[in-house]
1. Could you tell me which of the pairs Lys15/Lys107; Lys8/Lys62; Lys20/Lys107; Lys19/Lys72; Lys15/Lys104; Lys19/Lys104 are separated by over 25 angstrom between their Cα atoms in the structure shown?
2. Could you work out the helix-only [θ] at 222 nm for the chain, with each DSSP H run of four or more residues adding -39,500 (n - 2.57) and the total divided by the number of residues, to the nearest 500 deg cm²/dmol?
3. For the chain, what does the relative contact order come out to in percent, with C-alpha contacts under 8 Å and a separation of six or more?
4. Can you compute the charge dipole magnitude of the stretch 14-111 about its Cα centre, using +1 on each Lys and Arg Cβ and -1 on each Asp and Glu Cβ, nothing else charged? Give it in debye, rounded to the nearest 20.
5. Which value in nm describes the separation of the simple spin-label points at Asp99 and Lys111, placed 7 Å from the Cα toward the beta carbon?
6. Starting from 0.36 nm per residue, how many nanometres of slack lie between His74 and Lys26 once their C-alpha separation is accounted for?
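Quick note: the coordinates plus some simple rules give every number you see, no bench work behind them. Predicted model, so just to flag it, every value in this text is computed and none were measured. Here the Cβ positions follow ideal geometry from the backbone for every residue, glycine too, while neighbour counts run over all protein chains shown.
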Amino acid sequence: MEKEEGKKVMDVSLKELSKKLEEFAKERDWEQYHSPRNLLLAMVGEVGELSEIFMWRGEVAKGLPNWKESDKEHLGEELSDVLLYLIRLADICGIDLGDAAIRKIVKNAIKYPPKDT
């Protein structure tokens, strides 16, 4: 994960994030708490926090053009919390999330073929 000056980190893999999360948990002796059930419940809590951001806003335009930067930053933090718990949950369950996602896209393409134009 390289960061060029003034630029965002790009192309971070799920495997890199998984490794960082594992190291983070080990350094804090948190692995004992990272059961599938606990991780799922923590993720659901974060989804609730994510939902709160959108509550009472009505429909929101793509790109969030009318949002303050601080609101966008908060959204990014909550989206990240959900993603990180999902990655950790998949790892603890022995699921290769990237592979599973690709296989699901292929299944969905078969189940929902494009409309003829």
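1. Working: Lys15/Lys107 23 Å; Lys8/Lys62 21 Å; Lys20/Lys107 30 Å; Lys19/Lys72 27 Å; Lys15/Lys104 18 Å; Lys19/Lys104 23 Å.
Check vs 25 Å cut-off fails for Lys20/Lys107; Lys19/Lys72.
2. About -21000 deg cm²/dmol.
3. Reported as a whole number, the value is 33 percent.
4. Details: 15 positive and 19 negative charges, 123 e Å.
With Lys and Arg at +1 and Asp and Glu at -1, about 580 debye.
5. It works out to 2.1 nm between the two label points.
6. Details: separation 48, 0.36 × 48 = 17.28 nm, distance 2.69 nm.
So the chain would gain 14.6 nm between His74 and Lys26.
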